[in-house]
Amino acid sequence: MDYKLILQTIKNEVAALENTGNVATYIPELAKIDPSKFGMHLNCISSGEFNFGDCNERFSIQSISKVFSLTLAMTLMGDELFERVDVEPSGDPFNSLVQLEYEQGIPRNPFINAGALVISDILISKLENPKKEFIEFVRKLSGNPSIDINESVFNSELSNSFRNAALVNLMKSFGNIENAIEDILDFYIYQCSVSMSCAELSKAFEIYANSGASFNSEEQIITSRKTKRVNAIMQTCGFYDEAGEFSFRVGLPGKSGVGGGIVAVHPGQYTVTVWSPPLNPKGNSELGMYALERLTTLTGLSIF
Ligand code: GLU
């Protein structure tokens, strides 16, 4: 497979497209990003790494962090975790309050905000120093001890977190939140404000492509059964209310964030990350989705 040529083709195609998406503005700091940034990094289990563009520049991973927090929570807890958060696609926007009211404070899945806030609550209850242990977990997965949060993004979201505060309050009223609301928001916004590059994300996601262990490591970070489950949730719930469209066009499990990043995984083959800040109306990176669709089409490698 000539991955180099395939990425060059995608690069040329993307350069010729008009990007009609919009950068996220509801977190003011995210609105400052240059919309023309584009990076792509492909990390194959047995054929090496290929990339182009701004693939080594760090950006705000936002909701992509929900995969790491879920994974960490799954290492600390068994199936009882899924009594507090379901595993069904929501079909609603990521920050919707409506479904939560109907469904008595049990979020549809761990990748919508309500679900990730329950996972934050679990991590706060289980870990002695949640923020430190979370960032160390991400550093370990990516093999890079310099990974950190972006303080400006953190402060910007903290002072604009009214909807997330409403979600936690609603869930607390149903008895699905144990800790103080401010502590949960603080932790959740911390995890969303981590900055990573495409190359670092592709590395950190290796465990999902390799049954729970990084490509060149014997160390099992999570069991293969749990890896299967995280991948299944990425496949069905990783793209807001556009998970069906992503599956249809790209055919891989993955997770996107409002910072414009998307990470996708082909179990047994590769991980791939794209970053392009302008989002489509459903909140997924417009050109990122295009690039991934072209990758699975040109390689013939999707999970379907
Ligand atoms: N921190 C963002 C929020 O809670 C994450 C959203 C996202 O990337 O989907 O609104």
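The lysines whose alpha-carbon is closer than 28 Å to the alpha-carbon of Lys131, local same-chain residues fewer than 8 away aside, are Lys32, Lys66, Lys140, Lys172, Lys203, Lys226, Lys228, Lys255.
Against the compact-protein benchmark of 2.2 N^0.38 Å, the Cα-based radius of gyration of region 18-111 scales to 1.44. Put simply, the Cα atoms of the chain extend 54, 42, 35 Å along their principal axes, the longest span coming first.
Just the protein heavy atoms count here, and of the accessible area of region 210-304 at 1.4 Å, carbon and sulfur take up 50 percent. Taken per residue, the accessible surface of the chain reaches 40 Å², heavy atoms only and a 1.4 Å probe. The trypsin sites (Lys or Arg not before Pro) found in region 189-240 include none that occupy coil by DSSP while having at most 14 further C-beta atoms within 10 Å.
Size descriptors for region 118-267, from the alpha-carbon set: Rg then Dmax equal 16.2, 46 Å.
The relative contact order of region 1-125 comes to 18 percent, based on Cα pairs under 8 Å that sit 6 or more residues apart. For region 127-133, backbone phi angles converted through the Karplus equation (6.51, -1.76, 1.60; θ = phi - 60°) give residue-by-residue couplings of 9, 6, 10, x, 5, 4, 5 Hz, Gly and Pro being listed as x.
Taking the 1.4 Å solvent-accessible surface of region 1-125 as the whole, the part contributed by carbon and sulfur is 50%.
Couplings 3J(HN,Hα) for region 248-262, derived from phi with the Karplus relation 6.51 cos²θ - 1.76 cosθ + 1.60 (θ = phi - 60°), are 5, 7, 9, x, 9, x, x, 8, 10, x, 6, x, x, x, 9 Hz, where x marks Gly and Pro. Only Cα pairs under 8 Å and 6+ residues apart enter the sum, and on that basis the relative contact order of the chain stands at 28 percent. If R0 is 41 Å, the Cβ-Cβ spacing of Lys4 and Tyr26 corresponds to a FRET efficiency of close to 0.60.
The values are calculated or read from the model by the stated rules, or taken from the named source; none is laboratory data. What you see is a predicted model; the values in this text were computed from it and never measured. Neighbour counts run over all protein chains shown; Cβ positions are idealised from the backbone, glycine included. Calculation scope for accessible area: heavy atoms of the full protein, side chains included, ligands and nucleic acids excluded. Shrake-Rupley method; radii C 1.70, N 1.55, O 1.52, S 1.80 Å.
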